[in-house]
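Just below is one structure, and these are the notes that go with it.
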Amino acid sequence: MGIMAGLRYDEMRDNLLHVIGMDETEGAKYRAARLVKTECAYIANQGHLLGYQAAEIERYIFLATLDLRTSEVCRGLDMKRFSVAEAQAGENLPPMHPHCRSTTMPDMTDEQLRKVSRAARDPATGKGITVPGDMKYRDWYKKFVEGHPQALAREKAVKNKAADREQFRRYRAVLGENVPKTLDDFQKLKYTDGEKWEFVKLDYSRRQRLIKHPELALPNADHAIAPVPKFTQYLFNPESAKGWPKGQAITSRLGYDKDSWSAMRREIVQGASCYPASSKGNNGHGDLYEQKMVLYGTKELPANVIVGWIVKPDGETVMTTAYIKEV
């Protein structure tokens, strides 16, 4: 009915949910859409089959979609020939599975196939292209995917999309704006920027450790103080023999300097309540603690930063030092 009425997939999906009385949750919408698309594919391919029979076409060619989303079963069936009389949905006729996008075409000779073209997608750019009509899926894969890092990264993103969506949700919940805002950008980070991704994973694991073990929190972290002189007179002061080398390393890696130190100070103060702290004893003036933070800076490449603190007898928590250290 939906096809005959010219309804869109989402309209048929919503009608189905209404008819069966299901709540329009995201999960219900997904399952209804999957059913609608799969059944529409079944009807379309049965129509093709009836057309073959009416035209007395005895054989057909299975056509998979030439992109990275195609299932393994459809990849293996691409360009294979089957008897119309023995066609069976799910065996040698689409749909082979839910969300199947494969189709068929009347049988042609190899010579005829070479004279036409078929639609495909360039996995590196995502743009539609045309390829020779006799190109099989395995040949398309060999030409456009194998040996192409960008295409291989995209393939991982496609295969792992469901798991990555859940990971994206968890990482955003813990790391906030330090994680890309969209799933696509999250996957791009994960599969194409290995060095930054390692720091993002490290950051997540450290913050998760504190969430699971709140007893490791820095004392009075919510009111921790990072004195301005620690930045202006120590880290980013050329006359500070101990602080200047640390500041130079910070500038080189994170971009913070004598003009932007306040952003680093803000990042450290915010991080004080997010990371586990380890005790380093007492120096006679207070209890010493150390935190291993991941700071993101201004250069798109995070760094492992050790931040030292002292908790004074009156309970005041004050930053004593900060420096980059290899993980």
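The values are calculated or read from the model by the stated rules, or taken from the named source; none is laboratory data. Keep in mind that this is a model prediction, so the values were computed, not measured. With ideal geometry, Cβ positions are generated from the backbone for all residues, glycine too; neighbour counts draw on all protein chains shown. Surface areas here come from the heavy atoms of the whole protein model, side chains and all, with no ligands, DNA or RNA. Shrake-Rupley method; radii C 1.70, N 1.55, O 1.52, S 1.80 Å.
In the chain, the calculated helix contribution to ellipticity at 222 nm averages -13500 deg cm²/dmol per residue, counting -39,500 (n - 2.57) for every DSSP H run with n ≥ 4.
Computed from Cα atoms, the angle from the helix 9-20 axis to the main principal axis of the chain rounds to 90 degrees. Applying the Karplus relation 6.51 cos²θ - 1.76 cosθ + 1.60 with θ = phi - 60° to the range 305-320 yields 3J(HN,Hα) values of 10, 8, 10, x, 9, 10, 9, 6, x, 7, x, 6, 9, 10, 6, 10 Hz, where x marks Gly and Pro. Here the accessible area is traced with a 1.4 Å probe on the protein chains. For the chain, carbon and sulfur cover 51 percent of it. For the range 162-304, relative contact order (Cα pairs under 8 Å, six or more residues apart, normalised by length) works out to 23 percent.
The distance linking the range 221-249 with the range 143-215 is 32 Å (Cα centroid to Cα centroid, whole angstrom).
Across the range 166-222, Cα pairs under 8 Å and at least six residues apart give a relative contact order of 27 percent. Peptide packing for 64-72, 209-217 was compared via the average number of neighbouring C-beta atoms within 10 Å per residue; ordered from the highest value, the list is 64-72, 209-217. For the chain, the solvent-accessible area of protein heavy atoms averages 57 Å² per residue (probe radius 1.4 Å; ligands and nucleic acids excluded).
Within a straight-line Cα-Cα reach of under 16 Å, LYS142 can be paired with the following aspartates and glutamates, leaving aside sequence neighbours fewer than 8 residues apart in one chain: ASP67, GLU72, ASP78, ASP122, ASP134, GLU155. What the phi angles of the range 85-97 give under the Karplus curve with 6.51, -1.76 and 1.60, with θ = phi - 60°, is a coupling list of 5, 10, 5, 8, 4, x, 10, 9, 9, x, x, 8, 6 Hz, glycine and proline written as x. Restricting the range 273-318 to trypsin sites (Lys or Arg not before Pro) that sit in a DSSP loop and have at most 12 other Cβ atoms within 10 Å of their own Cβ leaves nothing. Taking all C-alpha pairs of the range 123-188, those more than 17 Å from each other amount to 53 percent.
Taking every C-alpha pair closer than 8 Å and separated by at least 6 residues, the mean separation divided by the residue count of the chain gives a relative contact order of 10 percent. Once the Cα atoms are used to define both axes, helix 161-175 deviates from the longest principal axis of the chain by about 20 degrees.
The amide H of ARG59, built 1.01 Å from its N in the peptide plane, has VAL84, ASP107 as neighbours under 5 Å, considering only residues 5 or more places off or on other chains. For the range 30-42, backbone phi angles converted through the Karplus equation (6.51, -1.76, 1.60; θ = phi - 60°) give residue-by-residue couplings of 4, 5, 5, 5, 4, 5, 4, 5, 5, 5, 5, 5, 4 Hz, Gly and Pro being listed as x.
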